[in-house]
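**Student:** Quick one: the structure is below, questions incoming.
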Amino acid sequence: MPELPEVETLRQDLDKEVGGRKVKAVEVRAARVVRRHRNRPEFSDRLVGRKLGTAARIGSLLLIGLDGGAETAALVIDLGPGGRLLKQRSAAPVDRQTDAVLSFSVGGDLRVLDLGAEGELFLASHAELEGLADRWRGAIDPLADALAWQALGARLGARKERLRTLLTDPAFVVGIGPIYADEILWAGGLRWDRDSDGLSAQEVRRLHRAIQEVVQEAVRLRGVSVGESPWLDLHGGKGEFEPQLSVYQREGQPCRRCRTPLVHERIQRGQTTYYCPKCQS
């Protein structure tokens with residue numbers, strides 16, 4: 001599943017690769033992905049002929065601005081658990097998992113794949129974008145919010161949750177899934193099952209620093225690609241953060257801080273976590 005660094009990598013790629021391009025044609029292959037619209041032609045007709053603008057992000061949603069139209073301000077892309085975007089030559093074969101294709105007057109296609117039942121595409125007005133922003137406003141965005149460690153501490157203290165559960169709650173922090181949650185907790189030297197309201201000031205500062213450093217370094221290295229269906233960027237390339245992983249999928253290997261073998265443990269609701277039993281406390 002694309003987490004915040006992967007979504008931000010796609011945002012940067014979209015800004016460079018599709019900004020300024022004019023939509024020549026739209027093919028929606030799966031009606032479910034434009035379910036907010038009356039039908040596929042209605043979605044396509046509102047997009048054809050429009051020029052794409054700046055790529056932005058609200059939480060884990062990708063937005064591409066649209067020029068010349070008061071009613072429709074942006075194309076919104078919700079990748080869901082496994083969605084992908086691919087910038088491709090128009091003549092290239094279309095993958096059977098493709099849900100939609102945006103063809104440009106110049107510069108190939110933008111292809112949307114694997115949105116599944118949860119992902120979607122929709123066109124939003126300015127008012128609808130404000131509503132989306134309001135929906136995400138309560139969550140911490142490590143790449144957009146200048147949140148002091150004291151403010152993080154106040155939010156942690158207001159929620160009595162295990163740290164791993166809280167970090168992966170999209171209502172608390174944007175776009176942190178199992179990979180980056182484990183890496184953040186290791187970097188902060190904190191166990192996954194610590195109560196969020198029981199951290200000392202020093203521990204809050206460590207967690208605050210770990211969130212910022214892990215997410216920013218992952219963005220710099222263009223995300224992480226692991227597993228049987230690894231995440232791919234806009235050009236089909238893998239992220240380069242995997243060699244930096246300190247605990248995720250490294251069970252039995254020595255901790256990079258204390259050399260203790262790392263542990264893989266099953267936690268609530270079928271989830272698992274990786275951590276060091278010695279230096280995470």
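The values are calculated or read from the model by the stated rules, or taken from the named source; none is laboratory data. Predicted, not measured: the structure shown is a model, and the values here were computed from it. Don't worry about glycine lacking a Cβ; one is built from the backbone with ideal geometry, like all the others, and counts go over all protein chains shown. The protein model used for the area step is the full one, side chains on, heavy atoms only, and it has no ligands, DNA or RNA in it. Shrake-Rupley method; radii C 1.70, N 1.55, O 1.52, S 1.80 Å.
**Student:** Anything in the stretch 264-281 that is part of a strand (DSSP E or B), surrounded by 12 or more Cβ atoms within 10 Å (Cβ to Cβ) and charged (D, E, K, R)? List them, or say none.
**Tutor:** If the condition is that a residue be part of a strand (DSSP E or B), surrounded by 12 or more Cβ atoms within 10 Å (Cβ to Cβ) and charged (D, E, K, R), then Glu265 is the only one that fits.
**Student:** Of all residues in the stretch 8-40, which are open to solvent by 80 Å² or more (accessible area, probe 1.4 Å) and outside any loop (DSSP other than H, G, I, E, B)? Give the steps one after another, and end with the answer.
**Tutor:** Residues of the stretch 8-40 open to solvent by 80 Å² or more (accessible area, probe 1.4 Å): 16, 22, 24, 27, 29, 32, 35-36, 38, 40.
Listed by number, the residues that qualify are Lys16, Lys22, Lys24, Glu27, Arg32, Arg40.
**Student:** Looking at Pro170, Pro261, Pro254, Pro230 in this structure, which one is under 23 Å from Pro81 (Cα atoms), touching a strand residue (DSSP E or B) at 6+ places or on another chain (Cβ under 7 Å) and surrounded by fewer than 21 Cβ atoms within 10 Å (Cβ to Cβ)? I'd like the intermediate steps shown before the answer.
**Tutor:** Values: Pro170 fails: touching a strand residue (DSSP E or B) at 6+ places or on another chain (Cβ under 7 Å); Pro261 fails: under 23 Å from Pro81 (Cα atoms); Pro254 fails: under 23 Å from Pro81 (Cα atoms).
Unique residue meeting the criteria: Pro230.
**Student:** Something else now. Just one of Arg111, Arg96, Arg162 is at pLDDT 90 or above and touching a Ser or Thr at 6+ places or on another chain (Cβ under 7 Å); which is it?
**Tutor:** The unique qualifying residue is Arg111.
**Student:** Continuing with this model, one more query. Return the residue satisfying two criteria in turn: it lies in the stretch 204-225 and is out of contact with any Pro (no Cβ under 9 Å at 6 or more places or on another chain) and open to solvent by less than 30 Å² (accessible area, probe 1.4 Å), and of such residues it is farthest from Ala144 (Cα to Cα).
**Tutor:** Ser225
**Student:** In this structure, is Ile184 aliphatic (A, V, I, L, M) and in contact (Cβ under 8 Å) with a residue 60 or more places away in the chain?
**Tutor:** When the stated conditions are applied, Ile184 does not pass them.
**Student:** Could you please give the count of residues in the stretch 141-167 that are open to solvent by less than 50 Å² (accessible area, probe 1.4 Å) and under 20 Å from the mean Cα position of the chain (by Cα)?
**Tutor:** The number of residues fulfilling the criteria is 8.
**Student:** Return yes when Ser246 is part of a loop (DSSP other than H, G, I, E, B), among the polar types (S, T, N, Q) and closer than 17 Å to Cys276 by Cα and no when it is not. Steps first, please.
**Tutor:** Numbers: part of a loop (DSSP other than H, G, I, E, B): yes; among the polar types (S, T, N, Q): yes; closer than 17 Å to Cys276 by Cα: yes.
Here the answer is yes, as Ser246 does meet what is asked.
**Student:** Quick test of your reading of the structure: Thr72 fulfils all but one of (1) modelled with pLDDT under 95; (2) of a type in the set (S, T, N, Q); (3) within 18 Å of Glu118 (Cα to Cα). Name the failing condition by number.
**Tutor:** Exception for Thr72: condition (3).
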